[in-house]
1. Taking interchain pairs and intrachain pairs at least six residues apart, which have beta carbon atoms under 6 angstrom, with the first residue in the stretch 28-55 and more than 12 Å from residue 11 (Cβ to Cβ) and the second outside any strand (DSSP E or B) and of a type in the set (Ser, Thr, Tyr)?
2. Suppose we filter 35, 25 for residues that are open to solvent by 70 Å² or more (accessible area, probe 1.4 Å) and touching a Cys at 6+ places or on another chain (Cβ under 7 Å); which single one remains?
3. So, in the stretch 72-103, exactly how many residues are outside any loop (DSSP other than H, G, I, E, B) and within 10 Å of the ligand (Cβ to nearest atom)?
4. Residue 3 fails exactly one of the following numbered conditions: (1) in a helix (DSSP H, G or I); (2) of a type in the set (A, V, I, L, M, F, W, C); (3) more than 16 Å from the ligand (Cβ to nearest atom); (4) open to solvent by less than 20 Å² (accessible area, probe 1.4 Å). What is the number of that condition?
5. Go over the candidates 66, 61, 49 one by one and state the one that is closer than 18 Å to residue 1 by Cα and open to solvent by 10 Å² or more (accessible area, probe 1.4 Å).
6. For the stretch 6-40, which residues satisfy the criterion of being part of a helix (DSSP H, G or I) and within 11 Å of the ligand (Cβ to nearest atom)?
7. Give the residues of the stretch 106-137 that are assigned to a helix (DSSP H, G or I), near the ligand (Cβ under 10 Å from one of its atoms) and open to solvent by 60 Å² or more (accessible area, probe 1.4 Å), sorted by residue number.
8. Give all pairs with beta carbons closer than 7 Å in which a residue from the stretch 81-92 that is at pLDDT below 95 meets a residue that is outside any helix (DSSP H, G or I); count only pairs at least 6 apart in sequence or on separate chains.
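The values are calculated or read from the model by the stated rules, or taken from the named source; none is laboratory data. Just so it is clear, the model here is predicted, and its values are computed rather than measured. Here the Cβ positions follow ideal geometry from the backbone for every residue, glycine too, while neighbour counts run over all protein chains shown. Ligands, DNA and RNA are stripped out before the accessible areas are found, and what is left, the full protein with its side chains, is counted by its heavy atoms. Shrake-Rupley method; radii C 1.70, N 1.55, O 1.52, S 1.80 Å.
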Amino acid sequence: MRILVINGPNLNMLGIREPEIYGSRSYKELEAFIRSACEKHGADCEIFQSNHEGAIVDRIQAAYGQFDGIVINPAAYTHTSIAILDALKAVAIPTVEVHLSDPAEREDFRRTSYVSLVAEKTVKGKGFDGYEEAVKYLIGMKAE
Ligand code: CA2
């Protein structure tokens with residue numbers, strides 16, 4: 001099982017500000033958490049982070065035929081990016097959307113998620129653990 005994990009803009013700043021929303025652990029710690037979750041559940045994973053919408057679209061396109069699942073936290077692009085939605089539709093790789101916080105409990109502008117339109121599942125408000133839940137879900141789907 002090959003899983004591509006994509007993190008969007010500003011997630012590389014984790015632990016630096018807003019610990020009450022995103023926790024106090026760093027992005028490096030998130031990467032280590034994801035790697036160990038994938039290892040624990042027997043998946044090979046690659047992690048990609050970018051602050052640029054086009055770079056995320058390029059990475060999704062390059063995943064075509066190369067990965068069995070995508071875990072994506074599009075960060076602010078969740079609420080704005082039809083380009084990321086279209087790229088996910090184009091590659092047709094089963095996708096799980098993850099958010100550290102629960103966007104529905106925050107500002108109104110966070111209530112729309114374009115990625116939800118293509119995601120098999122959305123995990124929100126569970127912090128780092130949400131990524132492990134997403135990995136487990138994709139592994140379960142592949143096993144069906
Ligand atoms: O809860 C999530 O995971 C979000 O995807 C995080 C995004 C936000 O725009 C979404 O509505 C929900 C923001 C990530 C920014 O991360 C920061 C990290 C450190 C300091 C400030 C922001």
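1. 53/77; 53/81
2. Values: 25 fails: touching a Cys at 6+ places or on another chain (Cβ under 7 Å).
Unique residue meeting the criteria: 35.
3. In the first step, residues of the stretch 72-103 are kept if they are outside any loop (DSSP other than H, G, I, E, B); the result is 72-73, 75-79, 82-91, 95-99, 103.
Keeping just the survivors that are within 10 Å of the ligand (Cβ to nearest atom) gives 72-73, 75-79, 97-99, 103.
The total comes to 11.
4. Evaluating residue 3 over (1) in a helix (DSSP H, G or I); (2) of a type in the set (A, V, I, L, M, F, W, C); (3) more than 16 Å from the ligand (Cβ to nearest atom); (4) open to solvent by less than 20 Å² (accessible area, probe 1.4 Å) leaves (1) as the failure.
5. Working: 61 fails: closer than 18 Å to residue 1 by Cα; 49 fails: closer than 18 Å to residue 1 by Cα.
Matching residue, one of 66, 61, 49: 66.
6. Of the stretch 6-40, the ones part of a helix (DSSP H, G or I) are 11-13, 19-22, 27-40.
Matches in the stretch 6-40: 11, 12, 13, 19, 20, 21, 22, 27, 30.
7. 109
8. Cβ pairs passing all conditions: none.
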